[in-house]
Structure formats: C-alpha cells, structure tokens
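Structure first, then comments.
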C-alpha cells in the first residue's frame, strides 16, 4: 500500500519538464482611452494622482514613470511599493491630508490604486469629481464601483505605460499653480503639527514621533525600509521617507504580519550594498524573530527597530472603544520592567 502511494506521489517526477518562462500578457490602454483621459485632465482645475503598487511593474522603469509624473506636475500620493518613486524633495509629492485633498479634487487618477477600505470604498471622493481608474486587473479596476463611486473612465491596462503615454499626449499641460500651493501649504501645516507632537515628553518611555523623525534624518540614500507591524508601522508610514524607488516593503493592504524577516533577507540578498532596516511592532516581531539566526548564517546583516508599547495597539484602539475590554491585546513590559521587554538581547542570543 505504501509503495503504491509513494509511486503515485512521485509519478513522472524524473520526466523532463518545460521550464521556459510562461508567456506574460500585459494589457495596454488604447490610444482613445489615453486621449479621453488627457481631455478630462486638461479641463481639471484640481487634479490628483493616487499611485498604487501595481505602477511599479515592468516593462516601464521607475525612472520613466517618475519622469512622466514630474512632467505632468500633478500632486501625487504614493502608496504601497510605489513609495519612494518620487524623491523626498519633489514638489508634487504629498504624504499628509489625503482625505482633505480627495474631498477637494475635481479629478482623481487612480493609477493602480484600488478603491477599497483604504479609500473608504469611494466615499472619500468629491461627488462631482471625475474619477479615472487604471488597472491591469478588471476586478480591482472596478472594485466597489456603483456603490459609493463610479469611474468616469475605467482603463484595463498597464498603469506605468499609461501614465507615460498620458504625459506624452499632454506635453504642454500645466497643473494649476494655486491648487498645488494649496495642498503644499496644508502639507506644511500638518508636518508642523507632527513636529510639535514629537516634542511632547512621554516619560518613562519614548515619544514614537520623535524617534521616527530622528531616524528619518539618519537614513542613508541606499537604505531599504521593511515595515512589519501595525500601529508603529502606520506611524512610520507618514513620517519616514524612502530614499529611492523600490525601497519600501510592507505587509500590504491587509497587514499580513510576519513578512519582516523574509522581506529583509530577500532585500539584502538582492541589494547587498543597501542598508536594510526592519521596522517591527512588538507583536509582529514574534512571527519572524528567529530569522536573525538566518541572517547570521547567511551573512546578511540587517538592522531591526522594535516599537515596543506592550500592546497590539492597532487592534486595542478600536476593540476597547467597541467592547470595553483589551483582552488578548494587552501585553506586558518584562525584563527590566520600566523600559520594556529586552528584545535587543535576543539578537546576540541568535548569533
């Protein structure tokens, strides 16, 4: 019985297999769709671009996409893997007040961004705004449409090449200066609020805003940031600035905790000269903590920063308000007590 089972399990295992790459079909927008978007954009007074991870897929390079966005000059919010596409000092890069900007915008280009819970299923859009959605996948393209939002133009095609072609068709386009200045002024006010909050003491612990602002000043140009956490990572996402394209890796829209160790290992092996940082929450750390043994054995040094507040705070914040209990969310400060669990001692213990 067992021999038959093994024989069936490995049947054909030694027969030659075709290992050539599978053909990849990349849908492309039609010229009519590009032109239709160009017409809508040319009439807009308050346009906005929301870029998603899908925009970073080949064949268009990040440099080509960055050049196209800067040529258009439209204010941009970058999400997911697209963080870092624009340099931190870019005048069109926005990180704060996205909800307010969407409320005021009269045209929104969803360039790979998906209208799910992150955009409140479309409820954040100005009711009169023209929404142009571009996505390779039709299901993601029209996600939650006809409920709280409806695209004026829905394009099933490659995001990055669409933006490049759009910029080429609008070579003389200039985004209204007043709109950009309005958003940048709101950005400056919000950044000041964050800096002010960072000065508030939090004895005997650290103010996480102050910690992350200090880290942002120290990060080198060649750093790669790996985010693996909830509350701490959510804070880091609006403070830390990736220095270059494809230098931010996070758990994705559903917050799939535990990716930190694997992402860091892969990043360091692909870019051995990069300084790789992992931003852990003290809950998510437990999922890939043992990978420090892997880092040592494979000589792939990374730096881990643990935001330790002895709590699953992102869950507790809503759970306590809804249910009146922090059960299964509250952790404890162990080790030296006052200053938290001594996570740093585990690294030398693993080599």
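The values are calculated or read from the model by the stated rules, or taken from the named source; none is laboratory data. Computed from a predicted model, the values in this text were never measured in an experiment. Note that we place each Cβ from the backbone using ideal geometry, even for glycine, and neighbour counts take in every protein chain shown.
Restricting to the stretch 141-150, what's the tally of residues that are closer than 25 Å to residue 57 by Cβ and in contact with a helix residue (DSSP H, G or I) (Cβ under 8 Å, 6 or more places away or on another chain)?
Count: 3.
Residue 47 is checked against (1) closer than 15 Å to residue 157 by Cβ; (2) in contact (Cβ under 8 Å) with a residue 24 or more places away in the chain and fails just one. What number does that condition carry?
(1)
Just wondering, is there one or more residues in the stretch 73-88 that are crowded, with 18+ Cβ neighbours inside 10 Å, more than 26 Å from residue 137 (Cβ to Cβ) and out of contact with any helix residue (DSSP H, G or I) (no Cβ under 7 Å at 6 or more places or on another chain)?
Within the stretch 73-88, one or more residues are crowded, with 18+ Cβ neighbours inside 10 Å, more than 26 Å from residue 137 (Cβ to Cβ) and out of contact with any helix residue (DSSP H, G or I) (no Cβ under 7 Å at 6 or more places or on another chain).
Is one or more of the residues making up the stretch 232-252 touching a helix residue (DSSP H, G or I) at 6+ places or on another chain (Cβ under 9 Å), on the phi > 0 side of the Ramachandran plot and touching a residue at least 24 places away in the same chain (Cβ under 8 Å)?
yes
With the checklist (1) without any contact (Cβ under 8 Å) to a residue 60 or more places away in the chain; (2) surrounded by 15 or more Cβ atoms within 10 Å (Cβ to Cβ); (3) assigned to a helix (DSSP H, G or I) in hand, flag the one item residue 180 doesn't pass.
(1)
Suppose we filter the stretch 241-286 for residues that are modelled with pLDDT under 95, crowded, with 18+ Cβ neighbours inside 10 Å and assigned to a helix (DSSP H, G or I); how many remain?
Here the count works out to 1.
Hey, can you tell me all the residues within the stretch 125-142 that are over 20 Å from residue 102 (Cα atoms) and surrounded by fewer than 17 Cβ atoms within 10 Å (Cβ to Cβ)? So that I can check it myself, show each step before the final result.
First pass over the stretch 125-142, keeping only residues over 20 Å from residue 102 (Cα atoms): 136-139.
Within the stretch 125-142, 137, 138, 139 meet the criteria.
Quick one: which of 91, 75 is out of contact with any strand residue (DSSP E or B) (no Cβ under 9 Å at 6 or more places or on another chain), touching a residue at least 40 places away in the same chain (Cβ under 8 Å) and closer than 24 Å to residue 191 by Cβ? Talk me through it step by step, then tell me what you get.
Details: 75 fails: out of contact with any strand residue (DSSP E or B) (no Cβ under 9 Å at 6 or more places or on another chain).
The unique qualifying residue is 91.
For the stretch 143-165, how many residues meet the condition of being within 24 Å of the chain's Cα centre (by Cα) and buried (at least 17 other Cβ atoms within 10 Å of the Cβ)?
The total comes to 14.
Could you check, for the stretch 302-312, whether at least one of its residues is assigned by TED's automatic domain parsing to the domain that holds residue 325, surrounded by 22 or more Cβ atoms within 10 Å (Cβ to Cβ) and in contact with a helix residue (DSSP H, G or I) (Cβ under 6 Å, 6 or more places away or on another chain)?
yes
Looking at the stretch 212-226, which of its residues are assigned to a helix (DSSP H, G or I) and without any contact (Cβ under 8 Å) to a residue 40 or more places away in the chain?
Kept after step one, since they are assigned to a helix (DSSP H, G or I), are these residues of the stretch 212-226: 212-218.
Correct list: 212, 213, 214, 216, 217, 218.
Looking at this structure, is residue 316 without any contact (Cβ under 8 Å) to a residue 12 or more places away in the chain and either crowded, with 18+ Cβ neighbours inside 10 Å or farther than 26 Å from residue 240 by Cβ (or both)?
Working: without any contact (Cβ under 8 Å) to a residue 12 or more places away in the chain: no; either crowded, with 18+ Cβ neighbours inside 10 Å or farther than 26 Å from residue 240 by Cβ (or both): yes.
Considered against the rule, which asks whether it is without any contact (Cβ under 8 Å) to a residue 12 or more places away in the chain and either crowded, with 18+ Cβ neighbours inside 10 Å or farther than 26 Å from residue 240 by Cβ (or both), residue 316 comes out as no.
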